[in-house]
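The values are calculated or read from the model by the stated rules, or taken from the named source; none is laboratory data. These numbers were taken from a predicted model, which means no experiment stands behind them. In this analysis, Cβ positions are derived from the backbone assuming ideal geometry, glycine residues included, and neighbour counts consider all displayed protein chains. What goes into the accessible areas is simple: the full protein's heavy atoms, side chains included, and nothing from ligands, DNA or RNA. Shrake-Rupley method; radii C 1.70, N 1.55, O 1.52, S 1.80 Å.
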Amino acid sequence: MSPTKYALTATTILIATISIPAQAQEVDNTEFDGFYVGGSFGLGAQTNDQYEGVIFDTDRNGTFDNNVRTVSGANAFSPGFCNGAATGNVRSAGCQNDKDDLDYYVRAGADKQYGDLVIGFMVDAGRSESTDSVTAFSTTPASYTFTRQLDYAIGARGRVGYTPGGVLFYATSGISYAKIDNSFTTTNGANSFTDNGKTESFGWTGGVGAEAKVTNNITMGLEYLFTRYTDDDYVVNVGPGTAGATNPFLLVSGGTDMRRSDPDFDLHSIRLTAAFRF
């Protein structure tokens, strides 16, 4: 789903949240104040990164600005790239789209209410099942697929909101730490491939939400969040394996390092929320 569709969906449901049980309007609205614990559950998706590719460091100087070339000087990756996981070893076979899937988090926080204004702070922890892939294709032919997924994430955010009575509308923003599960697959059976496994990243989160009181102690709501992590530490090292000296990966320095061209791991989330207030 595109970010625009997510925004429209979030807006529609946020408006609908206003009408959560009529009795919510009769609950004491001075109680968006104090500590709470709860959770969220929803759908996550990545930004459409259709122009992403794979970049190479053939001289292994730490700068990924080289082309992998054959003995004749031709670009060994002239077939190009695709957004998603390869379904074959040639570009024409296509790629599967990135998988948009479930998010689930636990949360705890505290709010302070000043009239109709609410100021708060919260922490949450959880994971997303969504996966983000990109594939490169060589003239061999062979495919090389990079995939990443959140192993888990921990965030801390502030929020500022307005309550006209029984419903709290708010904006939220803060930092997030993630353990990112990176993986690599290839149909190249000649070279050797090693990687540095899971990576860690700090990022930021921002969004909007609405929360309605169902009882004096229970709230339910909906939240839209955008999160960006910088994930440029995952590198795959290509070695000789059983390949000969004329192998394109080996011509310059006996090996090549490769990684994704886009360091940004972006996630859009629409989550249903629930909390118990003390």
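Determine, yes or no, whether VAL118 is more than 26 Å from the chain's Cα centre (by Cα), outside any strand (DSSP E or B) and not acidic (Asp, Glu).
Judged against the criteria, VAL118 is not a match.
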Single unsatisfied condition, ARG159 versus (1) within 25 Å of the chain's Cα centre (by Cα); (2) surrounded by fewer than 16 Cβ atoms within 10 Å (Cβ to Cβ); (3) part of a strand (DSSP E or B): (2)
Residues of segment 234-248 that turn out to be under 24 Å from LYS198 (Cα atoms) and buried (at least 19 other Cβ atoms within 10 Å of the Cβ), as a count: 3
Near pairs, Cβ below 8 angstrom, 6+ apart or cross-chain, from segment 151-175 (closer than 13 Å to ILE119 by Cβ) to any residue that is aromatic (Phe, Trp, Tyr) and outside any strand (DSSP E or B): GLY161/PHE32; THR163/PHE32; LEU168/PHE32
Search result, residues across segment 37-86 that are open to solvent by 10 Å² or more (accessible area, probe 1.4 Å), more than 30 Å from GLY221 (Cβ to Cβ), assigned to a strand (DSSP E or B) and of a type in the set (Val, Ile, Thr): ILE55
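Return the only residue of THR256, THR273, THR199 being free of Cβ contacts under 8 Å to residues at least 40 places away in the same chain and crowded, with 18+ Cβ neighbours inside 10 Å.
THR199
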Strands (runs of 3 or more DSSP E) within segment 173-278 that include 1 or more residues within 17 Å of the chain's Cα centre (by Cα) and polar (S, T, N, Q): 199-213, 218-230, 264-277
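Residue-wise test of (1) within 19 Å of ASN66 (Cβ to Cβ); (2) of a type in the set (Ser, Thr, Tyr); (3) at pLDDT 95 or above.
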| residue | (1), (2), (3) |
| --- | --- |
| THR185 | no, yes, yes |
| GLY197 | no, no, no |
| ALA210 | no, no, yes |
| ILE218 | no, no, no |
| MET258 | yes, no, yes |
Some residue of segment 135-148 being over 29 Å from ASN247 (Cα atoms), assigned to a strand (DSSP E or B), of a type outside the set (A, V, I, L, M) and in contact (Cβ under 8 Å) with a residue 24 or more places away in the chain: no
Extreme residue, nearest to THR246 (Cα to Cα), among residues of segment 87-103 that are open to solvent by less than 30 Å² (accessible area, probe 1.4 Å) and not acidic (Asp, Glu): GLY88
